[in-house]
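The values are calculated or read from the model by the stated rules, or taken from the named source; none is laboratory data. For clarity, every value in this text was computed on a predicted model and none was experimentally measured. Note that each Cβ is placed from the backbone with ideal geometry, even for glycine, and that neighbours are counted across all protein chains shown. Surface areas here come from the heavy atoms of the whole protein model, side chains and all, with no ligands, DNA or RNA. Shrake-Rupley method; radii C 1.70, N 1.55, O 1.52, S 1.80 Å.
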Amino acid sequence: MLGAMDDATTPRPADAATEPAVLDDGPAAGLRLRVTGRPAILQVTRACEAEQASGGREFGVTEVYVYRRDWRVKRPPLRYGYDPASP
């Protein structure tokens, strides 16, 4: 196992340290962000345009992209590479 996975719902202390990161390749190439705790994997989502479903029900559809941390990078900015094989 590469490390504990974390998600956006995990509570963080107000003074938790963040550090810069950048995404390489894929649909979010060049995106810069700040991360807490050096997560192994980041999920990037983008809303898709959906047509009205029959019966008047509304659904949301989101594309999901996975970026994996480059473990060779030891100091900020951390780098995350696009994983084209992820669901």
Review point. Which ones in the stretch 1-36 are open to solvent by less than 70 Å² (accessible area, probe 1.4 Å), at pLDDT 90 or above and under 18 Å from Val66 (Cβ atoms)?
Key: Ala21, Val22, Leu23, Asp24, Gly26, Pro27, Ala28, Ala29, Gly30, Leu33, Val35
Check your understanding: Going through the stretch 48-87 one residue at a time, which ones are hydrophobic (A, V, I, L, M, F, W, C) and more than 14 Å from the chain's Cα centre (by Cα)?
Key -> Cys48, Ala50, Ala53, Phe59, Val61, Trp71, Val73, Ala85
Check your understanding: Within the stretch 65-80, can you find the residues that are open to solvent by 30 Å² or more (accessible area, probe 1.4 Å), assigned to a strand (DSSP E or B) and not basic (Lys, Arg)?
Key -> Tyr65
